[in-house]
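Have a look at the structure below, then the notes.
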Amino acid sequence: MSRLSRANLKSRESVFAGGPELYRGDIQAICPPNLEECVMAMEDCCEEAYEAQQLLRNGTYDLPRMTKILGSQRVFLLIDEGTVKKYKADLVDEIEPAVNELLERAEQGINTLYKKESALQTKVEFARVKSSSTAGILGPQKLEVRRLHMLTKQRQRLEEEVEALESEIQAMELEMLK
């Protein structure tokens, strides 16, 4: 039996001075069966709504705790290995060209540094030779030292031109790829 059907159905006392007047049709009225079914269906709906309300209250009872849990930065999701492999392959396809380009740039930078290192070593050797040989250098030796110095400078200029041309070629290749 529903909680509404258990309600006190007695009439309330009138606030007016006169006595209670009964409507004679109420005493003799018989409820049609359709109306009784409707009332019962309405009571069932009210019970369902009450139970849903209780369920909702019980479900949201620990809302602050759930908010804290859902606000967490670490969320774990279980997925199958095929999905992981698919996303891993997509990531490799997406990142691999950029990584290869960075590796090429690094190799070029290393080669440039090696060239600079060799040029500096040549300068150091030249300075050593120059400092040791300037004390007792004769005219033809001075010419030889000067010629060596000019050739070293020419070599450095040519290496710089080669680097500039290589960078232009790379820029053109990148433009063509785009």
For the stretch 85-178, what is the accessible area per residue in Å² when the probe is 1.4 Å?
-> 89
Approximate spin-label separation E161-V92, in nm, with each point projected 7 Å along Cα-to-Cβ | 4.6
Quote to one decimal, in nm, the extra length available between D62 and V129 on full extension: 0.36 nm per residue of separation minus the C-alpha distance between them.
-> 15.6 nm
So for the pair E36, L113, with labels modelled 7 Å out along Cα→Cβ, what separation do we get in nm?
-> 9.7
Which distance in nm do the two modelled labels at L174 and D80 give, with both placed 7 Å along the Cα-to-Cβ direction?
-> 4.3
May I ask you to derive the FRET efficiency for R147 and N100 from their Cβ-Cβ distance with R0 = 45 Å, giving the value to the nearest 0.05?
-> 0.50
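The values are calculated or read from the model by the stated rules, or taken from the named source; none is laboratory data. A quick note: this is a predicted structure, and the numbers were derived from the prediction, not measured. Please note: Cβ atoms are built from the backbone with ideal geometry, for glycine as well, and neighbour counts cover all protein chains shown. For the accessible areas, the whole protein counts, side chains as well, though only heavy atoms, and no ligand, DNA or RNA atoms are used. Shrake-Rupley method; radii C 1.70, N 1.55, O 1.52, S 1.80 Å.
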